[in-house]
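*Asks:* Got a structure for you, questions after.
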Amino acid sequence: MKTGMSDNFPSLISYSDNKLQIDYDVEQAEIEDMNGIKTVYKYKYIELDNHNPSYGELVSALIHNIYSPDAEVALINNELAETGTQEYQDYQTLRTHAKEIAKQVLSNLGVTP
């Protein structure tokens, strides 16, 4: 999982090294450094080479920031073998969240999802 930290609240969409960067799930935190305690923002992020991603590309990238493709397939297969696992419920929650973020990104990019 790619994570970052910033002194400033990160924007949802930015460009870094000619890649589209999506910063999400931002959390405010207090950390101590040599100057004392300061407020920072911790977040997860994905980077895409495509500056005009589709809804599906965004959802997939967001999910694969948490689960590798192999781990995702294993999780689904485990659910087929034994239904009702907490891990699968967590995965479904992640999928729903990824879809919400993807819609918000596309809206900010001026694209109808």
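None of the figures in this text is laboratory data; all of them are computed from the coordinates on show. Quick caveat, the model's predicted, so the values are computed rather than measured. A quick note on method: Cβ atoms are made from the backbone with ideal geometry, for glycine too, and the neighbour counts reach across all protein chains shown.
*Asks:* Comparing ASN77, ASN52, ASN35, which has the greatest mean-square fluctuation in the GNM of the chain with Cα pairs linked when under 10 Å apart?
*Replies:* Per the Cα network of the chain with a 10 Å cutoff, ASN35 tops the list.
*Asks:* Here's something else I'd like to know. Please check which bits of segment 21-50 a label hung off ASP7 would reach, taking the label as a point 7 Å along Cα-to-C-beta and the cut-off as backbone N under 18 Å.
*Replies:* Those under the cut-off are 28-43.
*Asks:* Something else: If each residue of separation counts as 0.36 nm, what is the full-extension length gain between LYS19 and ILE37 once their alpha-carbon separation is subtracted?
*Replies:* On the way: separation 18, 0.36 × 18 = 6.48 nm, distance 3.26 nm.
Once the chain is fully extended between LYS19 and ILE37, it gains 3.2 nm.
*Asks:* Could you pull out every one of the aspartates and glutamates with an alpha carbon less than 20 Å from that of LYS99, ignoring same-chain neighbours closer than 8 positions?
*Replies:* Within reach: ASP23, ASP25, GLU27, GLU47, ASP49, GLU57, GLU72, GLU87, ASP90.
*Asks:* Answer with a single label: of [x] 8.7; [y] 13.6; [z] 20.9, which was calculated as mean projected area of the Cα convex hull in nm² from the structure in view?
*Replies:* [x]
*Asks:* Separate question: Subtract the Cα-Cα distance of ALA29 and SER107 from 0.36 nm times their separation in residues, and report this length gain in nm to one decimal. Please list the in-between numbers first.
*Replies:* Numbers: separation 78, 0.36 × 78 = 28.08 nm, distance 2.80 nm.
So the chain would gain 25.3 nm between ALA29 and SER107.
*Asks:* So for GLU30, GLU57, fewest C-beta neighbours within 10 Å to most, what's the order? All intermediate terms of the calculation are to be shown ahead of the outcome.
*Replies:* On the way: GLU30 8, GLU57 13.
The order, fewest Cβ neighbours first, is GLU30, GLU57.
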